[in-house]
Amino acid sequence: MAVPLMQAVRVGRYVVKQHLIGRKRYPLVLMLEPLFRCNLACAGCGKIDYPAQLLNQRLSLQECLDADAECGAPVIAIAGGEPLLHKEMPEIVKALVARRKYIYLCTNALLLEKKLDDYEPSPFFSWDVHLDGDKMMHDSSVCQDGVFERATAAIRAAKARGFRVSINCTLFDGADPKRVAAFFDEVMAMGVDGVMTAPGYAYERAPDQEHFLNRQKTKQLFRDIFRLGKGKKWRFTQSPLFLNFLAGNENYHCTPWGKPLRTVFGWQRPCYLLGEGYAKSFRELMDDTAWDQYGTGAYEKCADCMVHSGYESTAVMDAVRRPWHIAKVALFGPETEKPMVPEISLANQRPAEYRYEQQVESQMSELASRKPARGPRVRVHKAAEADEVIADAAD
Ligand code: SF4
């Protein structure tokens, strides 16, 4: 199974409980970004374009545990940046697993084989390896030759040691459905437990702005892929209704509070993809964010978004309301032939606001105000970390 039965039961029980107690907004997956620093610079990534001082910041073990305690979601996805560059990552994972949280550690896998001994297989822990398609597709996506080979070697090594491994496959404009379908066949044959897939979000800071999909192209692409997958046993870690949404069959609205993000800057508003501001606590994020101002149809920057950060929780909530519907889609797969549902109108969306420079300035001055208290020892430590990053990247 893409998701262990016990995990599905515990998460399902959590979701039903939220509905029974009448919580309007609740977290499903805590997204943790304990650092922005990465050892790749992918064309479609909008997360690593910060000054070095900010890239060198880390969430500590205690800050990660506090974020979990504040949020309370049953599942935690640890992303970045590249989490394996974080020296405390084994302790962070161990402590969260001890709390019986389901952990997905997202990695580009360049350091995975080297670091495997630091982790233990567990039904609560899964590697989530970034793989955007076959060798040519992935190496082009991450702008570096040889990454596909290293990532797939690491996946095989992790599977051989008994770890759960899923892959995270982001698709861009120009993806060929036949190649994607063949790639899904390939990873299934590799023994990967599940695939998480979505279109790339059009990050305003991504170096390549030419290859993001709009919603119409996204739906057609996923329909074409799912049609080729009929009768095959592809395992997805996502809700069947989210896949049905990707194929143009669900008229979902975004529920970004379902996957709240804690970064080194604080709790990001409104979602994993968009940094429009930061709250100091999870409660402040949930209570003081103007949620209605976001989502497709509400905000220009959300116009083409169909990413799981915003829509997977919607699909899960829909499953609770319409269990017969999810049962049908789970049994027969996403619809690929009937007309698609009408698209959300963009007529009343508010225009995009650009806040990147202002946020960087604010974070830099916040950092500067903290420095005297930390003293020179921290600067030595950060320099050592930077050296490791360079060594790891060259590895
Ligand atoms: S639609 Fe939702 S998930 Fe997508 S960018 Fe907007 S707020 Fe974020």
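If the chain linking Gln359 and Asp117 were pulled fully straight, counting 0.36 nm for each residue of separation and taking away their Cα-Cα distance, it would gain 83.3 nm.
Projected over all directions and averaged, the alpha-carbon convex hull of the stretch 185-239 occupies 5.1 nm². Ignoring lysines fewer than eight residues from Lys159 along the same chain, the ones with Cα atoms less than 17 angstrom from its Cα are Lys114, Lys115. Give the distance, in whole Å, between the Cα centre of the stretch 87-164 and the Cα centre of the stretch 218-232. Computed from Cα coordinates, the inter-centre distance equals 27 Å.
Amide H to amide H distances under 5 Å link Leu28 with Lys259, where only residues 5 or more positions off or on other chains count and H is placed in the peptide plane.
One chain, two ends: Val16 and Lys232. Fully extended at 0.36 nm per residue, the span grows by 74.7 nm beyond their Cα-Cα distance.
Between Asp145 and Asn214, full extension at 0.36 nm per residue minus the direct alpha carbon distance yields a gain of 22.1 nm.
Cα-based radius of gyration for the stretch 282-364, normalised by 2.2 N^0.38 Å, reads 1.47. Average projection, convex hull of the Cα set of the stretch 177-304: 9.4 square nanometres.
Counting residues in the stretch 93-133 as N, plug N into 2.2 N^0.38 Å and put the Cα Rg over that result. Write down the numbers at each step before the final one.
On the way: Rg = 10.9 Å, N = 41, 2.2 N^0.38 = 9.0 Å.
Cα-based Rg divided by the globular estimate yields 1.20.
Defining a contact as two alpha carbons under 8 Å apart and six or more residues distant in sequence, what relative contact order in percent does the chain show? About 17 percent, as a whole number. P(r) tail, the chain: Cα-Cα pairs separated by more than 26 Å, 52% of all pairs.
Order 285-297, 338-350 from most to least packed using the mean count of other Cβ atoms within 10 Å. Walk me through the numbers before you get to the answer.
Details: 285-297: 17.2, 338-350: 11.8.
So the order, starting with the most tightly packed, is 285-297, 338-350.
For Lys219, the lysines whose Cα comes closer than 29 Å to its Cα, not counting residues fewer than 8 places off in the same chain, are Lys24, Lys47, Lys135, Lys178, Lys230, Lys232, Lys233, Lys259, Lys301, Lys328, Lys338. Normalising the average separation of contacting C-alpha pairs (under 8 angstrom, six or more residues apart) by the number of residues puts the relative contact order of the stretch 267-341 at 17 percent. Our helix-only sum for the chain, with -39,500 (n - 2.57) per DSSP H run of n ≥ 4 divided by its residues, gives a mean residue ellipticity at 222 nm of -13000 deg cm²/dmol. When each of the peptides 259-270, 117-128 is scored by how many other beta carbons lie within 10 Å of its residues on average, the order from highest to lowest is 259-270, 117-128.
Rule-based calculations on the coordinates, nothing more; no lab input. Keep in mind it's a predicted model, so treat the numbers as computed, not measured. As a convention, Cβ positions derive from the backbone with ideal geometry for all residues, glycine included, and neighbour counts pool all protein chains shown.
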